[in-house]
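To start, I am sharing the structure in question, which I have written as structure tokens.
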Amino acid sequence: MFDSLQAFLSSFLYDWLAILITLVLQAVAVILPIMLVVAWLTYAERKVIGYMQVRMGPNRVGPIGLLQPIADALKLMTKEVIFPAQSNRYLFILAPILAIAPAVAVWAVIPFSEGVVVTDLNAGILYVLAVSSILVYGTVVAGWASNSKYAFLGALRGSAQKISYEIAMGFALVTVLMIAGSMNLTEIVNGQQGGVWNWYLLPLLPMFFVYFISGLAETNRTPFDVIEGEAEIVAGFHVDYSGMTFGVFMLAEYAMMILISFMTSIMFLGGWLSPFEGIPVLESLFAWVPQLAWLSIKVAFLLFVFLWLRATFPRYRYDQLMRLGWKVLIPLTIVWVFVVGAMKYFSFGPWFN
Amino acid sequence: MTFEQFIFYLLAAIAAVSGLMMITVKNPVKAALWLVLAFISTAGVWITAQAEFLGLVLILVYVGAVMVLFLFVVMMLDINMAVLKEGFTKYLPLGAMAALAIFALMYMVLGPEHFGLDVTGTPDVKAADFSNTEAIAVPLYTVHVYAFVLAAVLLLVGIVAAIALTLRRRPTTEVLYQNIDKQVKTLAADRFRMVKMDAVKEQPIVEAGEEDKK
């Protein structure tokens with residue numbers, strides 16, 4: 001669709017302008033739905049946690065509180081942005097931008113169904129890993145520029161925590177690309193064709209958990225949200241942010257949550273593939289379901305797990321958190337790299353044939 | 001100008017400007033952030049040259065890990081710029097001479113006569129499905145495998161040395177160490193003991209004075 005649009009535009013515009021317009025339209029087509037999902041994810045979070053704690057959750061704005069995210073967005077946008085007196089003004093503004101830019105840019109390579117992807121990059125996994133590694137700068141710069149001890153402590157915790165869990169995450173991705181033989185996300189999904197038992201979930205079961213736990217740590221969700229830690233350091237790195245500058249940090253956090261869920265379903269849960277593939281009656285019965293629907297169901301479940309964990313677990317103590325990353329997850333991933341190597345050598349199961 | 005050229009010149013300009021800013025800006029944290037921008041735009045230039053693996057690894061390793069640790073250290077510095085600038089005029093001639101010498105050396109090796117399409121030839125454009133990752137991996141793990149493994153071992157030695165140098169265990173009389181493994185494996189039974197007790201019935205208190213009256 002976008003190719004024909006670009007061809008149409010370049011018939012009467014400069015070539016580079018036609019490419020630029022198409023790129024911008026593609027970006028909007030991906031970012032806008034993501035931002036809408038983010039808005040109602042905050043609503044879902046408050047509702048889910050509300051019911052888990054035997055409360056109602058938001059129920060005043062609109063029917064059953066459905067317009068709450070819009071009210072929240074309006075409130076944040078109309079609030080005054082306060083600059084702390086001794087803060088570094090440029091970096092104070094730059095920090096939320098540094099937080100949201102990678103969280104948006106990373107969607108460029110995520111496939112939503114077969115062929116529905118902005119850029120079908122060869123090194124898709126590497127791109128996701130590289131771009132999400134930039135995310136930490138938002139936290140670090142925000143904490144430093146605020147010139148506040150609480151924010152600074154949050155930034156220090158954040159930089160150490162994210163680097164630690166990125167290693168485990170990287171190794172988990174290495175096992176995925178060992179088994180798939182490709183770093184292209186579309187090819188990784190297509191490599192899992194042929195039913196639930198062909199998904200990479202089974203041979204990489206420990207890596208599935210490692211990736212998801214590291215994802216929790218990367219997005220600063222409970223039980224790893226020591227960066228915010230409102231009981232000890234007030235609100236951590238964004239304690240001095242107000243109004244939309246604070247809202248942008250929230251947007252980035254939720255966009256990354258959705259991204260981690262997408263990546264987990266693409267790499268371990270067969271992406272857009274139907275779970276009934278290869279089962280005689282059910283396969284034809286559910287053949288009409290669009291690929292995007294299967295992917296959305298998997299992503300929605302993983303997002304629910306994010307919220308579920310938040311309602312269930314208390315916050316980790318910082319040294320315990322570092323121990324989990326360095327002494328449990330990283331050794332486990334290194335061992336599993338060798339296990340997958342052995343599986344490949346012996347052509348184990350349906351995954352290596 | 002094609003779109004590709006436009007992207008290249010944009011990224012190259014950003015890289016050059018941020019490199020300059022990195023060495024001229026006074027605040028070390030801002031300098032580190034300019035360096036990050038220089039890395040990212042350089043990675044962009046590499047990606048336009050179809051070396052996507054190198055570009056992404058540059059971002060992953062240098063921007064995502066090395067510079068974060070760098071910032072981590074630099075943020076905590078409390079630098080007194082006045083002390084750092086002491087003797088600036090005294091050492092200026094020597095410094096200027098050294099800078100000139102280094103610039104001359106670099107000009108001889110990296111001067112404009114070594115670059116340009118007439119020297120290097122037009123770079124061959126690879127097909128869209130060309131995998132830069134594979135192009136690097138195959139020689140790395142076949143022809144240069146010994147050098148590669150040797151480099152890895154060298155890095156490992158570096159890690160071990162760094163840990164061995166900084167590792168110190170103080171006596172438990174000075175510092176209280178926490179055994180997290182033990183803490184994590186704690187069961188409810190270790191901390192909480194159910195005790196069976198007889199129910200105690202409250203007795204009305206009879207005062208001593210009332211006893212005497214009877």
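The values are calculated or read from the model by the stated rules, or taken from the named source; none is laboratory data. This is a predicted model, so every value here is computed, not measured. Ideal geometry is used to build each Cβ from the backbone, glycine not excepted, and the neighbour counts take in all protein chains shown.
All but one of (1) surrounded by fewer than 22 Cβ atoms within 10 Å (Cβ to Cβ); (2) at pLDDT below 85 hold for A:GLY271; state the number of the condition that does not hold.
Single failed check for A:GLY271: (1).
Also: Being touching a Leu at 6+ places or on another chain (Cβ under 8 Å), touching a residue at least 40 places away in the same chain (Cβ under 8 Å) and either among the acidic types (Asp, Glu) or under 26 Å from B:ILE47 (Cα atoms) (or both), is that true of even one residue in the range B:136-157? Show your work before the answer.
Applying the first criterion (touching a Leu at 6+ places or on another chain (Cβ under 8 Å)) to the range B:136-157 yields B:136, B:148.
If we keep only those that are touching a residue at least 40 places away in the same chain (Cβ under 8 Å) as well, we get B:136.
Okay, now just the ones that are also either among the acidic types (Asp, Glu) or under 26 Å from B:ILE47 (Cα atoms) (or both), so B:136.
Looking through the range B:136-157, at least one residue is touching a Leu at 6+ places or on another chain (Cβ under 8 Å), touching a residue at least 40 places away in the same chain (Cβ under 8 Å) and either among the acidic types (Asp, Glu) or under 26 Å from B:ILE47 (Cα atoms) (or both).
Let me ask something additional. Taking into account only those residues within the range A:18-72 that are over 23 Å from A:ILE110 (Cα atoms) and either aromatic (Phe, Trp, Tyr) or assigned by TED's automatic domain parsing to the domain that holds A:VAL248 (or both), which is nearest to the chain's Cα centre (by Cα)?
For the range A:18-72, the residue satisfying everything is A:TYR43.
Moving to a separate point now. Given the structure, is A:GLU166 part of a helix (DSSP H, G or I), within 29 Å of B:ALA137 (Cα to Cα), over 18 Å from the mean Cα position of the chain (by Cα) and in the same structural domain as A:MET244 (by TED's automatic domain parsing)?
No; evaluated as a whole, the condition is false for this residue.
A further question follows. Among (1) under 13 Å from A:MET178 (Cβ atoms); (2) in contact with a Ser or Thr (Cβ under 9 Å, 6 or more places away or on another chain), where does A:LYS298 come up short?
Among (1) under 13 Å from A:MET178 (Cβ atoms); (2) in contact with a Ser or Thr (Cβ under 9 Å, 6 or more places away or on another chain), A:LYS298 violates only (1).
Just one of the numbered conditions (1) of a type in the set (A, V, I, L, M); (2) more than 8 Å from chain A (Cβ to nearest Cβ); (3) exposed (fewer than 12 other Cβ atoms within 10 Å of the Cβ) is not true of B:ALA16; which one?
(3)
Go through A:PHE338, A:PHE246 for me and flag whichever is touching a His at 6+ places or on another chain (Cβ under 6 Å) and at pLDDT 85 or above.
Residue meeting the stated conditions: A:PHE246.
Here's another thing I want to ask about it. Only one of B:PHE103, B:PHE115, B:PHE88, B:PHE130 is loosely packed, with under 10 Cβ neighbours inside 10 Å and at pLDDT 75 or above; which?
Answer to the check: B:PHE88.
Then there is this: With the structure loaded, tell me whether A:TYR90 is more than 8 Å from chain B (Cβ to nearest Cβ) and either among the acidic types (Asp, Glu) or over 24 Å from B:GLY44 (Cβ atoms) (or both) or whether it fails that test.
Taking the combined requirement at face value, the residue does not satisfy it.
Can we say A:LEU307 is in contact with an Asp or Glu (Cβ under 6 Å, 6 or more places away or on another chain) and either of a type outside the set (Asp, Glu) or within 22 Å of A:VAL37 (Cβ to Cβ) (or both)?
yes
Sticking with this structure for a sec: Check B:TYR141 against each of (1) under 30 Å from A:ASN184 (Cβ atoms); (2) within 14 Å of another protein chain (Cβ to nearest Cβ); (3) loosely packed, with under 10 Cβ neighbours inside 10 Å and name the one condition it does not meet.
With respect to (1) under 30 Å from A:ASN184 (Cβ atoms); (2) within 14 Å of another protein chain (Cβ to nearest Cβ); (3) loosely packed, with under 10 Cβ neighbours inside 10 Å, B:TYR141 is out only on (3).
Out of all the residues in the range B:74-113, which are among the basic types (Lys, Arg) and within 18 Å of B:ALA31 (Cβ to Cβ)?
Correct list: B:LYS85 only.
Those residues that are within 14 Å of chain B (Cβ to nearest Cβ), part of a helix (DSSP H, G or I) and modelled with pLDDT of 85 or more, I need them from the range A:299-322; list them, please. Let's see the steps before the verdict.
The first filter runs over the range A:299-322 and keeps only residues within 14 Å of chain B (Cβ to nearest Cβ), leaving A:313-314, A:316-322.
Retained after the next criterion (residues that are part of a helix (DSSP H, G or I)): A:318-322.
A:LEU321, A:MET322, listed by residue number.
Let me ask another. Can you find a residue in the range B:74-84 that is within 12 Å of another protein chain (Cβ to nearest Cβ), surrounded by 12 or more Cβ atoms within 10 Å (Cβ to Cβ), under 30 Å from A:VAL136 (Cβ atoms) and in contact (Cβ under 8 Å) with a residue 40 or more places away in the chain?
Yes: the range B:74-84 contains one or more residues that are within 12 Å of another protein chain (Cβ to nearest Cβ), surrounded by 12 or more Cβ atoms within 10 Å (Cβ to Cβ), under 30 Å from A:VAL136 (Cβ atoms) and in contact (Cβ under 8 Å) with a residue 40 or more places away in the chain.
Conditions (1) free of Cβ contacts under 8 Å to residues at least 24 places away in the same chain; (2) at positive phi; (3) buried (at least 23 other Cβ atoms within 10 Å of the Cβ), marked per residue:
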residue	(1), (2), (3)
A:ILE227	no, no, yes
A:MET244	no, no, no
A:TRP288	yes, no, no
A:LEU292	no, no, no
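Just name the residue that is nearest to the other protein chains (Cβ to nearest Cβ) out of those in the range A:123-163 that are among the hydrophobic types (A, V, I, L, M, F, W, C) and either in contact with a strand residue (DSSP E or B) (Cβ under 6 Å, 6 or more places away or on another chain) or not in a helix (DSSP H, G or I) (or both).
A:ALA123
Select from the range A:191-205 the residues that are assigned to a helix (DSSP H, G or I) and at pLDDT 85 or above and list them in ascending order.
A:LEU205
Do we have any residue at all in the range A:286-298 that's modelled with pLDDT of 80 or more and under 21 Å from A:MET169 (Cα atoms)?
Within the range A:286-298, one or more residues are modelled with pLDDT of 80 or more and under 21 Å from A:MET169 (Cα atoms).
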